[in-house]
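To start, the structure itself, in structure tokens.
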Amino acid sequence: MLEEKELYLDSSDLSRAVEFLQSGELVAFPTETVYGLGADATSVHAVSKIFQAKGRPPTNPLIVHVNHARMAQRYTVGWSERAELLSKAFWPGPLTFILPKTPKIPDIVTAGRNTVGLRAPDHPIALELINRFGKPLAAPSANRSNRISPTTG
């Protein structure tokens, strides 16, 4: 369960997190399931830091977190009527769409695949961070690879 202090971050905390993201750095943030380690999903340099920090193999693709369906549509060429209906019913939430990606998503994010996993997390801090940053976040769980995912602060 989230502690009350986690739901009420100072606006300057989110501003600092956005500054880190804009500088190509990583930030940790809560989602409804785990804490994520996020980077600008459109930056090869930033995303490479996720793999380094986690000890994650480059053959393991990352999920891209968006704030809503309109943002998701900018990073896929496969948004369909079905995806629209499902996103309206289940987003924000832990539903991930696997769809053909656009070139805006670098191959490092998808482990060279032509598809990308897109989801809108159901957590006010995650959504506000993405809103303020204005771009999607590549974000696996914040644990080291092959370790248990963090679920509390």
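The values are calculated or read from the model by the stated rules, or taken from the named source; none is laboratory data. Predicted model only: the values in this text are computed from it and were never measured. Using ideal geometry, Cβ is built from the backbone for each residue, glycine included, and neighbour counts are taken over all protein chains shown.
Summary of values
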| read-out | value |
| --- | --- |
| Hits in region 59-74 (condition: loosely packed, with under 12 Cβ neighbours inside 10 Å, over 15 Å from Ala139 (Cβ atoms) and not basic (Lys, Arg)) | Thr59 |
| Subset of region 44-58 that is charged (D, E, K, R) and not in a loop (DSSP other than H, G, I, E, B) - its residue that is farthest from Gly93 (Cα to Cα) | Lys49 |
| Any hit, region 76-92, residues being of a type outside the set (Lys, Arg) and at positive phi | no |
| The one condition in (1) touching a helix residue (DSSP H, G or I) at 6+ places or on another chain (Cβ under 9 Å); (2) part of a helix (DSSP H, G or I) that Leu127 fails to fulfil | (1) |
| Pick from region 16-34, criterion in a helix (DSSP H, G or I) and not aliphatic (A, V, I, L, M), ranking: nearest to Val66 (Cα to Cα) | Gln22 |
| Single residue of region 75-100 satisfying the filter (crowded, with 19+ Cβ neighbours inside 10 Å and touching an Asp or Glu at 6+ places or on another chain (Cβ under 9 Å)) that is farthest from Ala39 (Cα to Cα) | Trp91 |
| The lone exception for Gly55 - which of (1) over 18 Å from Arg144 (Cβ atoms); (2) surrounded by fewer than 18 Cβ atoms within 10 Å (Cβ to Cβ); (3) of a type outside the set (D, E, K, R) it fails | (1) |
| Lys104 vs. criteria among the basic types (Lys, Arg), modelled with pLDDT of 95 or more and assigned to a helix (DSSP H, G or I) | no |
| Breaking point among (1) within 20 Å of Leu99 (Cα to Cα); (2) part of a helix (DSSP H, G or I); (3) touching a helix residue (DSSP H, G or I) at 6+ places or on another chain (Cβ under 8 Å); (4) not aliphatic (A, V, I, L, M), for Pro61 | (2) |
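A quick yes/no check of all residues on (1) in a helix (DSSP H, G or I); (2) closer than 16 Å to Ala41 by Cα:
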{"residue": "Gly78", "(1), (2)": "no, no"}
{"residue": "Glu84", "(1), (2)": "yes, no"}
{"residue": "Pro94", "(1), (2)": "no, no"}
{"residue": "Leu99", "(1), (2)": "no, yes"}
{"residue": "Val109", "(1), (2)": "yes, yes"}
{"residue": "Gly117", "(1), (2)": "no, yes"}
